[in-house]
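The next block holds one structure in the form of structure tokens; read it before the comments.
The values are calculated or read from the model by the stated rules, or taken from the named source; none is laboratory data. Keep in mind that what you see is a predicted model, and the values were worked out from it rather than measured. Backbone-built Cβ (ideal geometry, glycine too); neighbour counts: all protein chains shown. Accessible surface areas use protein heavy atoms only, side chains included; no ligands, DNA or RNA. Shrake-Rupley method; radii C 1.70, N 1.55, O 1.52, S 1.80 Å.
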Amino acid sequence: MTGTFLGMPAFPQAAERAVRDGQLRANLRHATHTIRDKRARAVAELPDWAELRAAGKAIKDHTLRHLDRYLVQLEESVTAAGGTVHWAADAEEANRIVADLVHATAETEVVKVKSMATQEIGLNEALAAEGITAYETDLAELIVQLGDDRPSHILVPAIHRNRAEIREIFAERMADWGRPAPEGLTDSPAELAEAARLHLREKFLRAQVAVSGANFMVAETGTLVVVESEGNGRMCLTLPRTLISVVGIEKVVPTWRDLEVFLQLLPRSSTAERMNPYTSLWTGTTAGDGPSEFHLVLLDNGRTAVLADQVGRQALRCIRCSACLNVCPVYERAGGHAYGSVYPGPIGAILTPQLRGTTSPVDASLPYASSLCGACYDVCPVAIDIPEVLVHLRERVTEQGGHPMERAAIAAAGYVLDHPALLTAAERLAGRTRALHPRRLPGPGRAWTDTRDLPEVPAEPFRDWWRKNRP
Amino acid sequence: MTSRDLILGRIRAALGEPAPPEEQPLPRHYLTTHAPDEPAALLDLLHRNLADYRARVHRCTDVELPARIAELLATRGTRTVAVPPDLPPDWLGAVTAERLADDGTLTAARLDAVDSVVTGCALAIAETGTIVLDAGPGQGRRLLTLVPDHHVCVVRAPEQVVASVPLALPRLDPARPQTWISGPSATSDIELDRVEGVHGPRTLEVLLVTPA
Ligand code: SF4
């Protein structure tokens, strides 16, 4: 990943700030609990959820085991359908490819549909350095962009903002980016959405180049899939002449049929809907319908390093539904920004340190930003055992030794342990969740856990240990 | 070395030993459908689920269809209506609004000034309340159903209604660009308040049509 979030304080400092911010915490709590409850109802509608989850996990694992083969097949299918495939080993190369493609169109503006991969590589900043303006078109991303801010949640990136703040951002900043906000704009969500519709429509109608990500890519057919709610995705995928999609290599699935699993798992687990309002599927280019030029940029940027770790590799199954954020007691209090990357919450705690390595304080502290309660594993639609990976990564951080890293890490553990409410919540959840918790605590806690199984561990002794050992 | 070779090489190195080609078939123990296998019940389910996500759902027979379309457009106050070039001609038989058939030259800017669009669909999925457009007969190009603010979509029952996602995919051609629509455009980005309509059509009306 690039330096979008460089200079971030390590998790505990950033989290501390969030915890003190009453507004932020209230927003987060409301958001996570609302989605959590809705999601439980949407999932309960399907009696075969467990089987779908098992299939989702198996398909992703199978794909990862043959990732080279499926990527080559995908390349053939996309090319045969009129698209062009580019391979980007890292963020810099991906940004270079996109910038060159935009330059080739002689355009200086692109419209963007929300994509975590392009946030991960800092594409907007890289394009700006080349004189190209990237307009975010997802409502939440627009709020983030106009507010000079950072996303804090995968699904609702502006969840840390309330309606009054959004009104202010629109009223003050829209004019700098294009059509100003209407006079007398109030903070009713309908009016704010209308202001965004008007502001962005002129951009959609004018745009010649769009940049997107994708939720899935089908190797067999070369089809890309974008799942969304607002219609800004459809606008970006349909109206411009040139479409550039930047997609992580782990997003490939083998067959068209496999979509029957993921198009059931993702909407229910993410927005808690039977189906999200809009899903776009396209295969290369179609004469007379949609973009006449389609480029697919396949992004590695650390993913192959994750693949090499047999325990950590399961993080690549992630379909970015954000369910794990919404059940996480640490996320609920710390907020998305504390995680110091575009991937917040439990998935960020295991994905970011693997993509970027554990050489910066914030990355080294991430595996400790958890109480290992296991609620994230329970809700994950592709059954990623996040606690297992967290424990594994803690071992890695400890092994690399060195003081700043370890201190940051221990401070994160301390953050979790110093907030008793977190542990209480965690324990309550753990009680009715999974039977299988990591058996031993690695690192500083190891000597103490060597003799006993973690599930029986009462919180108190660890906290005692913590008080004795805190830096 | 190209980046392609580099990435593929990294993947092979990460995986170590090539996985054995003969693997167990993937476990697919989930259900093919969660809905009753009975056309009338399926249509009711589709109706309920569409309405639940705030599409406006109407029912009529094929004989009544032209009058119902005309009525919906009149109620809306539609002055111009865009249609795909191959929309069955009788569908608009009773419509008085100005008709704009897309001959492939309609631009987004032109469509932005159009009041309504009327199309058919490829199929509809009852369990999820989803309408699938695949730019096939009576549906037109993707931008046609995207830019106008009012979309009237005709679903022919029972032949276009399937129960579930697993039953829908085999009937769809991956080579065609597809839009799956489940209710009108919506956002919950502001304090999780659901607001209908940001960029796509803010009003979606679905006509479920059965034989007379
Ligand atoms: S880790 Fe699982 S629950 Fe979390 S975002 Fe990814 S798929 Fe969803």
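Consider the range A:288-307 and keep the residues that are at pLDDT 95 or above, in a loop (DSSP other than H, G, I, E, B) and closer than 30 Å to B:PRO85 by Cα. The one that is farthest from the other protein chains (Cβ to nearest Cβ) is A:SER292. Candidates in the range B:34-52 are the residues that are more than 10 Å from every other protein chain (Cβ to nearest Cβ) and outside any helix (DSSP H, G or I); of these, the one that is nearest to A:LEU52 (Cα to Cα) is B:ALA35.
For the range A:310-327, what are the residues that are of a type in the set (A, V, I, L, M, F, W, C) and within 9 Å of the ligand (Cβ to nearest atom)? Passing the criteria: A:ALA315, A:CYS318, A:ILE319, A:CYS321, A:ALA323, A:CYS324, A:LEU325, A:VAL327.
Applying the criterion of being more than 14 Å from the ligand (Cβ to nearest atom) and part of a loop (DSSP other than H, G, I, E, B) to the residues of the range A:328-352, the residue that is surrounded by the most Cβ atoms within 10 Å (Cβ to Cβ) is A:GLY340.
Between A:ARG234, A:ARG268, A:ARG257, the distinction of being assigned to a helix (DSSP H, G or I), basic (Lys, Arg) and more than 7 Å from chain B (Cβ to nearest Cβ) belongs to A:ARG268 only.
Yes/no matrix, rows are residues, columns are (1) in a loop (DSSP other than H, G, I, E, B); (2) under 21 Å from A:VAL227 (Cβ atoms); (3) within 11 Å of chain B (Cβ to nearest Cβ):
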position: A:LYS114; (1), (2), (3): yes, yes, yes
position: A:THR118; (1), (2), (3): no, yes, no
position: A:ALA140; (1), (2), (3): no, yes, yes
position: A:ILE143; (1), (2), (3): no, yes, yes
position: A:ASP148; (1), (2), (3): yes, no, no
position: A:ILE166; (1), (2), (3): no, no, yes
position: A:GLU172; (1), (2), (3): no, no, no
position: A:ALA175; (1), (2), (3): no, no, no
position: A:GLU183; (1), (2), (3): yes, no, no
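Considering the range A:296-309, the residues that are among the β-branched types (Val, Ile, Thr) and out of contact with any His (no Cβ under 9 Å at 6 or more places or on another chain) include one that is nearest to the ligand (Cβ to nearest atom), namely A:VAL306. Out of B:HIS199, B:HIS151, one residue alone is assigned to a strand (DSSP E or B) and not hydrophobic (A, V, I, L, M, F, W, C). It is B:HIS151. Filtering the range A:142-159 to residues that are at pLDDT below 85 and either within 16 Å of the ligand (Cβ to nearest atom) or open to solvent by less than 10 Å² (accessible area, probe 1.4 Å) (or both) leaves A:PRO151, A:SER152, A:HIS153, A:ILE154, A:LEU155, A:VAL156, A:PRO157, A:ALA158, A:ILE159.
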